[in-house]
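S.K.: One structure follows; several queries about it will come next.
Every number in this text was worked out from the coordinates using simple rules, so none of it is lab data. Note that the coordinates shown come from a computational prediction; the quantities given were computed from them, not determined experimentally. Because the Cβ atoms are built from the backbone with ideal geometry, glycine has one as well, and the counts that use them run over all protein chains shown.
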Amino acid sequence: NAGVTQTPKFQVLKTGQSMTLQCAQDMNHEYMSWYRQDPGMGLRLIHYSVGAGITDQGEVPNGYNVSRSTTEDFPLRLLSAAPSQTSVYFCASSYSTSGVPYEQYFGPGTRLTVT
Amino acid sequence: DQQVKQNSPSLSVQEGRISILNCDYTNSMFDYFLWYKKYPAEGPTFLISISSIKDKNEDGRFTVFLNKSAKHLSLHIVPSQPGDSAVYFCAASRRTSGTYKYIFGTGTRLKVLA
């Protein structure tokens with residue numbers, strides 16, 4: 001049981017490049033989410049999904065796209081990287097019962113630098 | 001507009017004493033609250049949670065108190081241990097249009113001094 005895995009661990013991009021951060025979980029969790037962590041800002045929700053085929057925006061969605069074609073995978077796409085997207089990105093998943101949320105399990109993070 | 005606030009960026013406590021971490025929220029629709037602990041270069045890990053129908057939840061050395069009228073929750077760690085040194089995040093969630101999302105605070109860095 002690997003839990004939540006994220007790849008890559010580190011990435012450097014040039015302004016304007018695109019890339020996809022991968023996230024996978026093997027716990028059959030319905031709910032998955034992406035956060036970014038910046039100094040003094042805590043964890044801010046980018047996008048989330050309550051099940052395959054369903055995604056929604058969080059607090060800071062601009063510049064990011066997501067899709068959820070399977071229960072296991074929830075990739076985050078940066079369309080055209082900007083220095084403001086330099087951050088540590090965390091993916092998380094949780095189970096729910098009748099819409100009641102439970103604790104999230106987080107991946108180890110991806111540290112992204114945009115130059 | 002920060003809906004979940006942790007106004008103390010850092011806290012230092014002697015080993016064996018009580019650590020109290022505070023969290024305030026502005027939205028009365030939040031109905032489930034959680035605390036996470038984060039070590040450097042790792043993802044956050046879940047510590048303890050509380051539903052809005054309760055005012056206290058205890059798990060070993062960790063107790064969370066919820067004061068709905070004040071929109072305030074706190075995490076008590078007794079006794080504090082050096083291994084508790086980490087950043088602590090509180091989070092709140094609420095139902096929105098049939099789904100739910102978690103909103104995190106900015107974190108408090110706890111240092112437990114041996």
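S.K.: Among what's in region A:20-49 and is aliphatic (A, V, I, L, M) and within 13 Å of the chain's Cα centre (by Cα), pick the residue that is farthest from A:Arg111 (Cα to Cα). Break it down into steps so the answer makes sense when it comes.
M.R.: In the first step, residues of region A:20-49 are kept if they are aliphatic (A, V, I, L, M); the result is A:21, A:24, A:27, A:32, A:41, A:43, A:45-46.
Those still in the list that are within 13 Å of the chain's Cα centre (by Cα) too: A:21, A:24, A:32, A:43, A:45-46.
Working: A:Leu21: 10, A:Ala24: 17, A:Met32: 19, A:Leu43: 14, A:Leu45: 16, A:Ile46: 15 Å.
In this case the residue turns out to be A:Met32.
S.K.: Within chain A, considering only strands (runs of 3 or more DSSP E) that don't extend past its boundaries, which have at least 1 residues that are among the β-branched types (Val, Ile, Thr)? Spell out the reasoning first.
M.R.: On the way: elements: A:4-7, A:10-13, A:19-25, A:31-38, A:42-51, A:54-57, A:64-66, A:76-78, A:87-94, A:110-114.
Correct list: A:4-7, A:10-13, A:19-25, A:42-51, A:54-57, A:64-66, A:87-94, A:110-114.
S.K.: May I pose another question? Mind checking which pairs have a first residue in region B:25-38 that is within 24 Å of B:Arg61 (Cβ to Cβ) and a second that is among the hydroxyl-bearing types (Ser, Thr, Tyr) and surrounded by fewer than 20 Cβ atoms within 10 Å (Cβ to Cβ), Cβ under 6 Å, 6 or more apart or different chains?
M.R.: Once the first residue is within 24 Å of B:Arg61 (Cβ to Cβ) and sits in region B:25-38, its partners that are among the hydroxyl-bearing types (Ser, Thr, Tyr) and surrounded by fewer than 20 Cβ atoms within 10 Å (Cβ to Cβ) give B:Tyr32/B:Ser51; B:Leu34/B:Ser49; B:Lys37/B:Thr45.
S.K.: Could you please let me know if B:Val78 is of a type in the set (Val, Ile, Thr), loosely packed, with under 15 Cβ neighbours inside 10 Å and farther than 30 Å from A:Ala52 by Cβ?
M.R.: On the way: of a type in the set (Val, Ile, Thr): yes; loosely packed, with under 15 Cβ neighbours inside 10 Å: yes; farther than 30 Å from A:Ala52 by Cβ: yes.
Yes; evaluated as a whole, the condition is true for this residue.
S.K.: Residues of region B:39-61 being touching a residue at least 12 places away in the same chain (Cβ under 8 Å) and closer than 20 Å to B:Thr106 by Cα, which ones?
M.R.: Selection gives B:Tyr39, B:Pro44, B:Phe46, B:Leu47, B:Ile48, B:Ser49, B:Ile50.
S.K.: Looking only at region B:86-114, which residues are of a type in the set (S, T, N, Q) and either farther than 25 Å from A:Phe90 by Cβ or crowded, with 19+ Cβ neighbours inside 10 Å (or both)?
M.R.: Within region B:86-114, the subset of a type in the set (S, T, N, Q) is B:93, B:96-97, B:99, B:106, B:108.
Of everything in region B:86-114, those that are of a type in the set (S, T, N, Q) and either farther than 25 Å from A:Phe90 by Cβ or crowded, with 19+ Cβ neighbours inside 10 Å (or both) turn out to be B:Ser93, B:Thr106, B:Thr108.
S.K.: Could you say which residue among A:Ala2, A:Ala24 is out of contact with any Gly (no Cβ under 8 Å at 6 or more places or on another chain), over 15 Å from A:Pro75 (Cα atoms) and of a type in the set (A, V, I, L, M)? If you could, list the steps in order and put the result at the bottom.
M.R.: On the way: A:Ala24 fails: over 15 Å from A:Pro75 (Cα atoms).
Just one listed residue meets the conditions, A:Ala2.
S.K.: Somewhere in region A:74-86, is a residue surrounded by 14 or more Cβ atoms within 10 Å (Cβ to Cβ), of a type in the set (Val, Ile, Thr) and closer than 30 Å to B:Ile50 by Cα?
M.R.: Looking for residues that are surrounded by 14 or more Cβ atoms within 10 Å (Cβ to Cβ), of a type in the set (Val, Ile, Thr) and closer than 30 Å to B:Ile50 by Cα, one finds none in region A:74-86, hence no.
S.K.: Now, a different point. Can you name every residue in region A:30-83 that is more than 14 Å from every other protein chain (Cβ to nearest Cβ) and within 30 Å of B:Ser10 (Cα to Cα)?
M.R.: Correct list: A:Pro83 only.
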